């Protein structure tokens, strides 16, 4: 057993840098922000860390029972899907409210210590999640410049649409889902009925 | 031998579709049916289903003096038991003789009438139960903020979203103590900002602030389906599945983010998700879904950082490409979005449905008495009426064995236009 384990490398955290070509295409698709950074960027899940502060409960992985509690500010992967590429868009600092409002909302008091639950105020804005690259069944999809640009341009296109148009689109989807249920229901119920509703018929030709 | 009644023919038609009824009901497009009938739970009897919960860990950790010191005593894991008892729900469908006469051919007419009413009835029943899933367990479908004649303005949330035209509702005082009587909804407007419903006759004693509940509930503090607001709740008083919330104020409280009537922001979402991660472990959010009303889905889209529905509806001409290349799932900070027209318009719930289940006493089916599923209606004279009735019924309750695995954002502003 010891021999079998010898030489085996277990990768616990796989990191990837975004290819230069992707960054360039995203820059073209979305332009630059006031700080000269691209509006869009692609990041690998394990590379994208964010602040999390407060009281952490550490649990036994096998039983789920509580082992210890720690109050601290950590950097942890921001998104649940750590082994996927994510596309992000920059949001300006004002979209996070004022510095005062930020701390008013995010400050947590645990065991007598004040900890900002989302870390310090984003003075230069921050990048927020737009899209996770995954296949229809959640499978891995490789990041390419074309795919990244395609998504960024689609989001930019929809940003220019009115709120009313976006609302209408959501309404259309709801109506489509209603129709889908009706079709599904009648298809199921039709299954119980013989062909031509059991009326006699003959083949012609 | 008595003459064949039309109800017998309808019954035969219903029998044809009987095995299809669960297929119409169990479809993963509404929250209720996304919550599985769990395989690890025995079909329950009329007695309570018991859910053992590990509420406190066992063992005493610490250092000790190896030079003859006392190692102290230990402790064991502490369990308590949550209990669930199913509630019976029915949906009555009545068909008049005219429906049958409306099409040609006797066999086909009855078949069509039965088929259409089964499909429509099931859709409405699913919708009714899904609406109850949005509530806090007492069957409250709305609050009358004011009324003018028989038109009631409903407080938002949930406004008029949880009632449907033709529904029989009951009015209770705000403390759910006094039942003021019942009435029927003749119009409901869950779309416009005013959120009004119109009913046939006001119950005696109707007062601003009264609440409406569904038909069939009786007595004070009625119990109905335990919905999202029952399980995803940070209250430290009251009861939860027969446990006193005050006894386990931390274990039974779902993490909450109060948005303070402001619009949804990415910070709200991160705060909520992080609360789950802090209590359960950093990597324990992969099963979450973000459940919300279409209003909040729209609010998220308005931030301009997501793939908008407008793309997927084909507006950009390349929506199909996106669907082919990717799952096309809309996400909120990486958590898949599930939106509903029935959900609370001011709330986003993060749910781990692997902890939710349904304790089922009776699966959905036609209500049956001695093999009969269709029953005649009698006229005022005592003679037979030109219509007949059948019912769907089911008995179940919804549970969540770990309220801390979710989180919610509430008191969110609704986007303009709603």
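No lab work stands behind these numbers, since they all come straight from the coordinates. These numbers come from a predicted model, not from an experiment. Cβ atoms come from the backbone with ideal geometry, glycine included; neighbour counts cover every protein chain shown.
Counting only other chain Cβ atoms within 10 Å of each residue's Cβ, the peptide A:76-83 averages 5. Hydrodynamic estimate: the Kirkwood radius of chain B over Cα pairs, inserted into Stokes-Einstein at 37 °C and 0.692 mPa s, corresponds to D of 136 µm²/s. Note that the range A:2-160 shows a convex hull volume over its alpha carbon atoms of 181 Å³ per residue. Its Kirkwood hydrodynamic radius, worked out from the mean inverse distance over all distinct Cα pairs, puts the range B:140-214 at 11.7 Å.
When B:34, B:133 are arranged by Cβ crowding within 10 Å, least crowded first, meaning fewest neighbours, the order is B:34, B:133. Normalised by the number of residues in chain B, the average gap of Cα pairs under 8 Å and 6 or more apart makes the relative contact order 21 percent. Relative to the longest principal axis of the Cα atoms of chain A, the long axis of helix A:163-190 makes an angle of roughly 50 degrees. Divide the volume of the convex hull around the Cα atoms of the protein assembly as shown by the residue count and you get 263 Å³ per residue.
Secondary-structure-derived ellipticity at 222 nm for chain B, considering helices only, amounts to -6500 deg cm²/dmol, per-run term -39500 (n - 2.57) for DSSP H runs with n ≥ 4.
Note on chain A: GNM, Cα springs under 10 Å; of A:148, A:21, A:164, the largest mean-square fluctuation is that of A:164.
Helix B:106-132 and the longest principal axis of the C-alpha atoms of chain B enclose an angle of approximately 30°. Only helical runs count toward this figure. For chain A, summing -39,500 (n - 2.57) over DSSP H runs of n ≥ 4 and dividing by all residues gives -10000 deg cm²/dmol at 222 nm. Angle of helix B:266-280 to the longest C-alpha principal axis of chain B, folded into 0 to 90 degrees and rounded to 10: 70°. Here the Gaussian network model covers chain B, with springs between Cα atoms less than 10 Å apart; of B:306, B:394, B:156, B:306 fluctuates the most. Panel order for B:215, B:67, A:126, by other beta carbons found within 10 Å of each beta carbon, from fewest to most: B:67, B:215, A:126.
Sorted ascending by nearby beta carbons within 10 Å, beginning with the fewest, B:252, B:132, B:176 become B:176, B:132, B:252. Applying 1/(1 + (r/R0)^6) with R0 = 30 Å to the Cβ-Cβ distance of residue B:146 and residue B:168 gives a FRET efficiency near 0.85. When chain A is treated as a Gaussian network with alpha carbon springs shorter than 10 Å, the biggest mean-square fluctuation among A:99, A:167, A:159 belongs to A:167.
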